[in-house]
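Peer 1: Pasting a structure here, questions to come.
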Amino acid sequence: MKPGARKTNQRRPQPGWFAHPVLSLLLVAAWLLLQQSVVLPHLITAAVLGLGLPRLLHGFIGEGTLPRKPMAALRFAGIVLWDIVISNLTVARIVLLPRSNPQPAWVRIPLEIRHPNAIVLLATVITTTPGTVSCVIDDERHEILVHALDCNDPEAMAEQIKQRYEKPLKEILG
């Protein structure tokens, strides 16, 4: 700090109760589904969680982002869920068959998307899909480095991830 400069503690303004409406709705729905009931105590708890957690965690999760194309987001969710099921079956086959010979690989995926939430969501989708063990986001190079359990063609895998996940995310979030 320079001599004579004043130190200021700038805090983010406290968000309103509906700072993250989609997250609030998801929390309410998840709570009610977990409880398998819509009695008054569960509704009250769901409302407290749905309103309180996003407000409490606002400093950690940043500004809310709404999809520009909700139908594209639903299609994307379907694709991801399908890929998770298929990948689980593939990983089960690799693990259960003694003669399987997986070819692990690190795959570099250059990113076209720049929206931080879209990049984090892409990384989350990649690591949620079985068969991809981990990934690292490299902000300087604008790429994601993915560790795949079985990949004999890294370029084809990178192109598949770009087409199936990055392209729809670019359409949904920009």
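Peer 1: Cβ-Cβ distance below 9 Å, separation of 6 or more or different chains: which pairs start in the range 81-108 with a residue that is free of Cβ contacts under 8 Å to residues at least 60 places away in the same chain and over 17 Å from residue 124 (Cα atoms) and end on one that is among the basic types (Lys, Arg) and in a helix (DSSP H, G or I)?
Peer 2: 100/93
Peer 1: I've got another one for you. Against the condition under 13 Å from the mean Cα position of the chain (by Cα), without any contact (Cβ under 8 Å) to a residue 60 or more places away in the chain and part of a helix (DSSP H, G or I), how does residue 123 come out, does it pass?
Peer 2: On the way: under 13 Å from the mean Cα position of the chain (by Cα): yes; without any contact (Cβ under 8 Å) to a residue 60 or more places away in the chain: yes; part of a helix (DSSP H, G or I): yes.
Against the criterion (under 13 Å from the mean Cα position of the chain (by Cα), without any contact (Cβ under 8 Å) to a residue 60 or more places away in the chain and part of a helix (DSSP H, G or I)), residue 123 qualifies.
Peer 1: Right, next: When you scan the range 52-76, how many residues do you find that are without any contact (Cβ under 8 Å) to a residue 60 or more places away in the chain and part of a helix (DSSP H, G or I)?
Peer 2: If we filter the range 52-76 for residues that are without any contact (Cβ under 8 Å) to a residue 60 or more places away in the chain, which is where we start, we get 52-64, 66, 70-71, 74.
Filter once more, so that each one left must be part of a helix (DSSP H, G or I): 52-56, 58-61, 70-71, 74.
The total comes to 12.
Peer 1: Tell me which residues, restricted to the range 39-72, are at pLDDT below 90 and under 20 Å from residue 165 (Cα atoms).
Peer 2: 65, 66, 67, 68, 69, 70
Peer 1: (1) of a type outside the set (Ser, Thr, Tyr); (2) without any contact (Cβ under 8 Å) to a residue 24 or more places away in the chain; (3) over 24 Å from residue 60 (Cβ atoms): which one isn't true of residue 136, the others all being true?
Peer 2: Looking at each condition in turn, residue 136 falls short on (3).
Peer 1: Related question: Being in a strand (DSSP E or B), surrounded by 14 or more Cβ atoms within 10 Å (Cβ to Cβ) and over 14 Å from the mean Cα position of the chain (by Cα): is that true of residue 49 here?
Peer 2: Numbers: in a strand (DSSP E or B): no; surrounded by 14 or more Cβ atoms within 10 Å (Cβ to Cβ): yes; over 14 Å from the mean Cα position of the chain (by Cα): yes.
For residue 49, the condition - in a strand (DSSP E or B), surrounded by 14 or more Cβ atoms within 10 Å (Cβ to Cβ) and over 14 Å from the mean Cα position of the chain (by Cα) - is not met.
The values are calculated or read from the model by the stated rules, or taken from the named source; none is laboratory data. From a predicted model like this one, the values you see are computed outputs, not experimental measurements. Note that each Cβ is placed from the backbone with ideal geometry, even for glycine, and that neighbours are counted across all protein chains shown.
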